[in-house]
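Each remark here refers to the structure printed beneath this line.
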Amino acid sequence: MTQAELVARVSSGVSDFTARQWDALNPGGNPFVSHAFLTALEESGSVGSGSGWTPAPISLEDDEGRLLAAMPNYAKVHSQGEYVFDHSWADAWHRAGGSYYPKLQIAPPFTPATGPRLLLSDPVYAAPLLRAAERVAVQNGFSSAHATFIDPSQHAMFEDNDWLLRHDIQFHWKNRGYASFDGFLDDLSSRKRKAIRKERKRAQEGVEIRQLRGLDIKPEHWDAFWIFYQDTGARKWGSPYLTREAFDLLGERMGDQVLLILAFYDDQPIAGALNFVGPEAIYGRYWGCSYDKRFLHFELCYYQAIDLAIEFGISRVEAGAQGGHKLARGYEPVETVSAHWLADSGFREAIADFLRRERQGVATDKLFLGERTPFKQGS
């Protein structure tokens with residue numbers, strides 16, 4: 001089939017597609033580009049009117065209407081909820097007399113987790129899908145298009161189509177075939193091993209920790225977690241991104257891919273961490289508490305996730321954006337990549353120069369951090 005026979009469409013939401021159509025393009029089962037996750041955000045009002053995230057998925061069809069490729073895409077009027085920070089770019093463009101917003105954001109909202117950004121029935125459709133995104137930006141007078149936290153298998157697809165790559169660092173835990181948490185600790189230096197054991201003991205004293213999945217998560221559990229989530233959101237980014245209804249829909253639609261870890265004191269929940277489970281990773285997403293117990297954050301967000309990754313035989317834990325404190329707890333520096341297309345050639349060259357210089361600093365930081373992991377030499 002030639003590119004001329006392809007039909008590119010912009011839809012009003014992922015809800016315009018059936019789950020069978022959309023998820024057929026996500027054979028790896030990444031939870032955040034699934035039909036269930038993206039439509040839950042749409043139908044709960046977490047994206048859409050008033051959020052600054054307008055759903056606009058772009059798709060390619062053949063002349064018989066069969067879906068060949070798609071991307072989760074949003075028109076953005078701000079840069080919140082992306083975790084790849086371009087505020088300085090926006091400021092520079094505005095000072096030069098341009099309008100940086102609206103822009104296109106190709107990624108699941110509020111989710112700094114790696115995954116496919118081009119959903120393809122065949123890799124041959126990567127180039128026409130990216131060209132379609134560029135045309136949408138140009139036709140609507142948008143400054144740019146951005147794909148964030150791209151799965152490593154797709155980096156070359158963007159670079160080969162002249163999108164600029166930007167590098168950053170997250171901290172991921174890697175499962176080296178451990179049979180138990182103690183097996184993981186055996187790879188650490190004696191001092192770090194003792195420190196983690198002390199933290200876990202202190203965190204677990206006087207509380208009961210429950211791991212809930214699928215139908216085990218009841219409305220009262222979501223009610224408790226909603227309170228934790230609102231508190232954390234208000235302190236970190238001003239207002240929570242997700243609505244209360246979003247948690248109900250995610251729990252209903254995603255089943256055992258949703259993992260809620262709660263800590264109880266006197267049978268009352270006092271803290272919680274929400275994770276999503278994919279075939280290759282456990283993704284930590286949200287945390288909150290109503291009582292500040294020392295080390296409980298590390299226990300619920302990091303150590304419990306490691307326990308479960310070992311139990312399930314999952315290869316890594318992605319614990320979200322930033323957080324150098326993860327390093328001492330066995331989470332290692334890992335490169336993350338985003339891709340950027342700028343409509344203005346002069347602005348593009350300025351950004352390309354900035355990224356070349358930034359990349360050197362990121363590489364230096366990664367090397368520095370890699371030398372300070374808690375692992376024994378040679379592990």
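The values are calculated or read from the model by the stated rules, or taken from the named source; none is laboratory data. Treat the numbers as computed from the prediction; the structure is a model and nothing was measured. Here Cβ is always computed from backbone atoms with ideal geometry, including for glycine, and neighbour counts include all displayed protein chains. Ligands, DNA and RNA are stripped out before the accessible areas are found, and what is left, the full protein with its side chains, is counted by its heavy atoms. Shrake-Rupley method; radii C 1.70, N 1.55, O 1.52, S 1.80 Å.
Can you give the local net charge around ASN275? Use residues other than it whose beta-carbon is closer than 10 angstrom to its beta-carbon, Lys and Arg +1, Asp and Glu -1. Surrounding charge for ASN275 is +1. Considering only ASN161, TRP222, GLY206, the residue lying farthest towards the positive end of the dipole of segment 119-259 is GLY206, judged by Cα position with unit charges set on Cβ.
Note on ASP23 and TYR291: their simple-model spin labels are 3.9 nm apart, each label 7 Å out from Cα toward Cβ. Here, P(r) means the percent of Cα pairs in each 10 Å bin from 0 to the largest distance; for segment 82-134 it is 19, 37, 33, 11, 0.
When +1 charges are put on Lys and Arg Cβ atoms and -1 charges on Asp and Glu Cβ atoms, the dipole computed for the chain relative to its Cα centre reaches about 1560 debye. Note on GLU358 and SER180: the extension gain reaches 60.2 nm, defined as 0.36 nm multiplied by sequence separation minus the Cα-Cα distance.
Legend: residue pairs LYS218/LYS326; LYS198/LYS218; LYS201/LYS366; LYS198/LYS376; LYS194/LYS218, Cα-Cα distance threshold 25 Å; pairs beyond threshold, LYS218/LYS326; LYS198/LYS218; LYS201/LYS366; LYS194/LYS218. A 1.4 Å probe run over segment 1-120, with the rest of the protein chains in place, finds 38 Å² accessible per residue. Here the chain has 49 percent of its accessible surface on carbon and sulfur atoms, given a 1.4 Å probe and all protein chains in place. Between the residues LEU120, THR39, ALA8, the greatest Cα displacement towards the positive end of the dipole of segment 1-134, with unit charges on the Cβ of Lys, Arg, Asp and Glu, is found for THR39.
Across segment 60-171, Cα pairs under 8 Å and at least six residues apart give a relative contact order of 28 percent.
Report the calculated FRET efficiency for GLU61 and ASP162 (r = Cβ-Cβ distance, R0 = 22 Å), to the nearest 0.05. The computed FRET efficiency comes out at 0.35. At 1.4 Å probe size, with every protein chain present, just tell me what the per residue accessible area of segment 235-326 comes to in Å². Computed with neighbouring chains in place, this is 40 Å² per residue. Placing +1 on each Lys and Arg Cβ and -1 on each Asp and Glu Cβ, with no other charges, gives segment 213-363 a dipole about its Cα centre of roughly 500 debye. Taking R0 as 35 Å, what FRET efficiency do you get between ASP266 and ARG197 from their Cβ-Cβ distance, rounded to the nearest 0.05? Computed FRET efficiency for ASP266 and ARG197 comes out at 0.85. Counting only Cβ charges, +1 for Lys and Arg and -1 for Asp and Glu, the dipole size of segment 142-301 around its Cα centre is about 900 debye. Other residues within the sphere of radius under 14 Å centred on the Cβ of SER44, judged by their own Cβ, net out at -3 (K and R +1, D and E -1). Estimated from helices alone, the mean residue ellipticity of the chain at 222 nm is -10000 deg cm²/dmol (sum of -39500 (n - 2.57) over DSSP H runs with n ≥ 4, per residue). Looking at the chain alone, DSSP beta bridges between its own residues are antiparallel in about 90 percent of cases.
Applied to segment 114-125, the Karplus parametrisation 6.51 cos²θ - 1.76 cosθ + 1.60 on θ = phi - 60° returns per-residue 3J(HN,Hα) values of 5, x, x, 10, 10, 9, 10, 6, 7, x, 4, 8 Hz, with x for Gly and Pro. Scaling the Cα radius of gyration of the chain by the globular reference 2.2 N^0.38 Å produces a ratio of 1.01. Over the C-alpha trace of segment 159-267, radius of gyration and Dmax come out as 19.0, 58 angstrom. Summarising the overall dimensions of segment 227-353 from its C-alpha atoms, the Rg and Dmax are 17.7, 62 angstrom.
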